[in-house]
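What follows is a short report on a single structure.
The values are calculated or read from the model by the stated rules, or taken from the named source; none is laboratory data. Quick caveat, the model's predicted, so the values are computed rather than measured. In this analysis, Cβ positions are derived from the backbone assuming ideal geometry, glycine residues included, and neighbour counts consider all displayed protein chains.
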Amino acid sequence: MRAFNLIWAGQAVSLIGSAMTTFGIGVWIFVLTGSPTSFATLVLAGSLPGLLALPFAGVVVDRFDRRRVMVLSDLGTALGPLVLLTLNTTGRLELWHLYVMVAVSSVFHAFQWPAFASLVPQLVPKDQLSRANGRVGMAEAIGLVFGDLLAGALYGVLGLNGLLLVDLCTFVVAMATMLLSYRLRAAIPPVRRGGADRRPMLSEMTQGWTFIRQRHGLLGLLVFFACYNLVINMALVLVAPLVLSSHPPSALGVINAVGAVGMIAVSGLMSFTRQPRHLVRAVLAVAVLHGFLLVGIGSSQGVPWLLAVCMFGILGGYAVTNAVTPTLWQRKTPTEVQGRVFAIRRLLAWSADPIAFAVAGPLAEYVGTPLVDGPLAGSAGRLTGSGTGGGIAMVFLLAGVLLLGVVAATCVPRSVRRLEQDLPDADAQEEPARPVAATSS
């Protein structure tokens, strides 16, 4: 656990800097354009390239030392803030520069997540996986809390340049802790890579998909997460425009921080208590909670304290999902193929995110707003309010109802409901080290 704690601490610090940069860029764009579509486009540019790079990243993670992959990923991700800092200092920063830089950073970040997720089972005993994953979720929450609070307080003083500079300093800390972990090399067992069975890169990229496709419960769970992410991200990407349409950036920082406090509290609880007995049921229960909270945001009419309470519940629920879901996959997947499987897992589960980010802004701007200002002004408009904020709130109402429908549909197949009982753990499966043959589809 010493090596895990060292790496975890560095990543937590780095996440604070990344959250500050994300906050600052979002405020810079919205102040410049005033358009939720421009804001959502930034999120799209920061997600789609990374998703497309995931299959290749998974193969790299399984072939090489996972800590080295994380170091190179940190170096590449740091290029974005460095270039933006240079452009903004010289007065040459334009909107398209932000889109390009976040796209490049997302590609490097695509290597970091499967590397870290695959490294955790090498560093932590099996019975401690849920607690370790809870701690990983807590690091994400710590980054959001301190990142948003610091960014909200310092943006008016330091501007975007100051936030970018802090982010670069946190990257240095993350890389230093990763390099220090090499002094604990004996604590990290090697991965059996089976050099004689190594296949061409393209063939290995398909192995993760084949592994999942042959296990219907895992495939059904991925379909659920793809639908879940489509619906909830279509709404959550608009939280910042919803707040900034009627409140200053400091209010957004407080709301995001309160939400992240919920994530910290629940993550901390998950990291020191026993995991839920039924992991799949826990995931579905959180999704039901999220559906009702989205409806709550849609009917809050932008009242800051109501938004903060709902975000507290949403991010607290994320802490549960982020702890139990990796634990489930780490138990069901052999170590030597986890990079490929986890990369495909994220690719499929997040495949709908670019669609959500692409449609969210236009849906609020060109559909929701005309409805609440026109034919629905006397009905749904009383819940959502009017104007741009009301159009965004309408998207939240729609997303909440759709999410409850997704959960109901997922509960029908037995393969998902009985996943934990019907699919044995990887260490109990016969010949777990044998690579799965690739097939075409």
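Identify the single condition in (1) surrounded by 19 or more Cβ atoms within 10 Å (Cβ to Cβ); (2) assigned to a helix (DSSP H, G or I); (3) in contact (Cβ under 8 Å) with a residue 40 or more places away in the chain that VAL286 does not satisfy, given that it satisfies every other one.
Every condition holds for VAL286 apart from (3).
Give the residue, chosen from VAL223, VAL231, VAL239, that is over 25 Å from CYS411 (Cβ atoms) and among the β-branched types (Val, Ile, Thr). Can you show your working first?
Details: VAL223 fails: over 25 Å from CYS411 (Cβ atoms); VAL231 fails: over 25 Å from CYS411 (Cβ atoms).
The conditions single out VAL239.
ALA364: touching a Pro at 6+ places or on another chain (Cβ under 9 Å), at pLDDT below 85 and buried (at least 19 other Cβ atoms within 10 Å of the Cβ), yes or no? Lay out the reasoning, then the answer.
Working: touching a Pro at 6+ places or on another chain (Cβ under 9 Å): yes; at pLDDT below 85: yes; buried (at least 19 other Cβ atoms within 10 Å of the Cβ): yes.
Judged against the criteria, ALA364 is a match.
Looking only at helices (runs of 4 or more DSSP H) that lie completely in the range 206-277, which have at least 1 residues being in contact with a His (Cβ under 8 Å, 6 or more places away or on another chain) and either modelled with pLDDT of 85 or more or among the charged types (D, E, K, R) (or both)? Please lay out each step first, then the result.
Values: elements: 216-236, 239-244, 249-272.
Qualifying helices (runs of 4 or more DSSP H): 216-236.
Using beta carbons and a limit of 6 Å, which pairs, at least six apart or on different chains, have the first residue in the range 86-102 and without any contact (Cβ under 8 Å) to a residue 40 or more places away in the chain and the second one in a loop (DSSP other than H, G, I, E, B)?
Short answer, once both residue conditions are applied: LEU87/LEU93.
Given the condition within 30 Å of LEU149 (Cβ to Cβ), in a loop (DSSP other than H, G, I, E, B) and free of Cβ contacts under 8 Å to residues at least 60 places away in the same chain, answer yes or no: does some residue in the range 30-49 qualify? Before you say what the answer is, go through the steps one by one.
Going residue by residue through the range 30-49, those that are within 30 Å of LEU149 (Cβ to Cβ) are 30-49.
Keeping just the survivors that are in a loop (DSSP other than H, G, I, E, B) gives 34-35, 46-47.
Applying the additional criterion that residues be free of Cβ contacts under 8 Å to residues at least 60 places away in the same chain yields 34.
Checking the range 30-49: at least one residue is within 30 Å of LEU149 (Cβ to Cβ), in a loop (DSSP other than H, G, I, E, B) and free of Cβ contacts under 8 Å to residues at least 60 places away in the same chain.
Go through the range 124-139 and give me each residue that's in a helix (DSSP H, G or I) and touching a helix residue (DSSP H, G or I) at 6+ places or on another chain (Cβ under 6 Å).
Taking the range 124-139 first, the residues in a helix (DSSP H, G or I) are 126-139.
Scanning the range 124-139 gives LEU129, SER130, ARG131, ALA132, ASN133, GLY134, ARG135, GLY137, MET138, ALA139.
Within the range 412-422, does at least one residue satisfy the condition of being assigned to a loop (DSSP other than H, G, I, E, B), surrounded by fewer than 13 Cβ atoms within 10 Å (Cβ to Cβ) and either in contact with a Pro (Cβ under 8 Å, 6 or more places away or on another chain) or at pLDDT 70 or above (or both)? Can you show your working first?
Taking the range 412-422 first, the residues assigned to a loop (DSSP other than H, G, I, E, B) are 412-413, 418.
Narrowing the set further to residues that are surrounded by fewer than 13 Cβ atoms within 10 Å (Cβ to Cβ) leaves 412, 418.
Narrowing the set further to residues that are either in contact with a Pro (Cβ under 8 Å, 6 or more places away or on another chain) or at pLDDT 70 or above (or both) leaves 412, 418.
The answer is yes; a qualifying residue exists.
Could you grab me the full set of residues in the range 271-316 that are under 30 Å from ASN5 (Cα atoms) and either among the aromatic types (Phe, Trp, Tyr) or in contact with a strand residue (DSSP E or B) (Cβ under 7 Å, 6 or more places away or on another chain) (or both)?
The answer is PHE272, PHE312.
Taking the range 146-177 as the search range and keeping residues that are under 18 Å from VAL254 (Cα atoms) and in contact with a Pro (Cβ under 8 Å, 6 or more places away or on another chain), which one is surrounded by the most Cβ atoms within 10 Å (Cβ to Cβ)?
Top of the filtered list is GLY152.
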